[in-house]
């Protein structure tokens, strides 16, 4: 595991041009700006009471989903490119498990609540 | 951009077997993070079923300080971004810049933990302890598990700063930093769901 062949700094063994680093930096900046915008929108809608009740829940839920996708795309570098699909497949499978387990739990507990407390 | 092999920033590798090593270890860590996501999702389900069960105790609308939650959100988001800057510096092989961005990330992470502890102590002095109600039990479990992740992340950053200082940006150090990056960004992903499900719904109530 030890590899003195790979020095720090210098960069003679890191052949990619600065353009790629600039691109990466721009991606993180895009991610930050979009995430800030989506966060401000969600808090603004709730704090200034622009929406309320189920409408508020639906819109901030949607904003959260968009922000999760934005962070996946710009911070975690996961997109729809064909070069590597296993990561995306794992996310989608995890999403399916979450849907079944969370949805199922809420369904069962909601039903119990209705029968026993109502 | 060169072809992506795994989640997170992809470094340029001098030897093909190093790229393969990074791909395998990062995918393994990614699998752990996804199982962690399921754990959090089930705690969110617990919270959602408990949220109206206040057992005569205070409700979220009476307790939560939305200003503090907003501050926590911004601090954590900024720390996710500064970690990204550290990752780009790592990719460029700029050791000093990477360490500096990691220090900034660590300070933001500690700031987040400070804000969270301030919130917890304010809740507890108001008599809203985890024992008060099902709602507060599930709230404290969910928030402290996330806080525990943030604490582990902070310790991990500290360890990596020491390793960078001692070993430089050697191959194992770079590989560990890649995984730490995924872990740190994951913290903010979970937090998006926390502020959306826990804090924002009670503001307008």
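Read-outs throughout are calculated quantities, based only on the coordinates presented, and are distinct from any laboratory measurement. On a predicted model such as this, the values are computed, not experimentally measured, just so you know. Every residue, glycine as well, gets a Cβ built from its backbone with ideal geometry; the counts of neighbours run over all protein chains shown.
The Kirkwood hydrodynamic radius of the protein assembly as shown, based on inverse pair distances between different Cα atoms, is 20.9 Å.
Return one number: the angle in degrees, 0 to 90 and rounded to the nearest 10, between the long axis of the Cα atoms of helix B:66-92 and the longest principal axis of the Cα atoms of chain B. Taking the Cα atoms of chain B, the angle to B:66-92 is about 10 degrees. For the peptide A:68-80, the mean number of other protein chain Cβ atoms found within 10 angstrom of a residue's Cβ is 5. Across peptide B:11-22, the average count of Cβ atoms from other chains found within 10 Å of a residue's Cβ is 2.
For chain B, averaging the sequence separation of C-alpha pairs within contact (under 8 Å, six or more residues apart) and dividing by the residue count gives a relative contact order of 30 percent. Other protein chain C-beta atoms within 10 Å of residue C-beta, averaged over B:189-199: 5. With q set to 0.15, 0.17, 0.23 Å⁻¹, the log10 of I(q)/I(0) for segment B:1-118, from the Debye formula over equal scatterers at the Cα positions, is -0.94, -1.07, -1.30.
For residue B:52, put the label point 7 Å out on the Cα→Cβ axis and report which residues of segment A:40-83 keep their amide N under 16 Å from it. Output list for this probe position: A:53-55, A:57. Between residue B:161 and residue A:73, the FRET efficiency from the beta-carbon distance, with R0 = 30 Å, is close to 0.60. With the simple spin-label model, which puts each label point 7 Å out from Cα in the Cβ direction, the residue A:37 to residue B:66 separation comes to 2.3 nm. Taking the inverse of the mean reciprocal distance over all distinct Cα pairs, the Kirkwood hydrodynamic radius of segment B:40-88 comes to 13.6 Å. Note on residue A:97 and residue B:131: their simple-model spin labels are 3.6 nm apart, each label 7 Å out from Cα toward Cβ.
Angle of helix B:134-167 to the longest C-alpha principal axis of chain B, folded into 0 to 90 degrees and rounded to 10: 20°.
Taking the centroid of alpha carbons for each part, segment B:118-191 and segment B:43-57 are 23 Å apart.
Can you tell me the 0 to 90 degree angle between the C-alpha axis of helix B:171-194 and the longest principal axis of chain B, rounded to 10? So the helix axis and the longest Cα principal axis differ by about 20 degrees.
Per residue, the Cα convex hull of segment B:65-203 amounts to 97 Å³.
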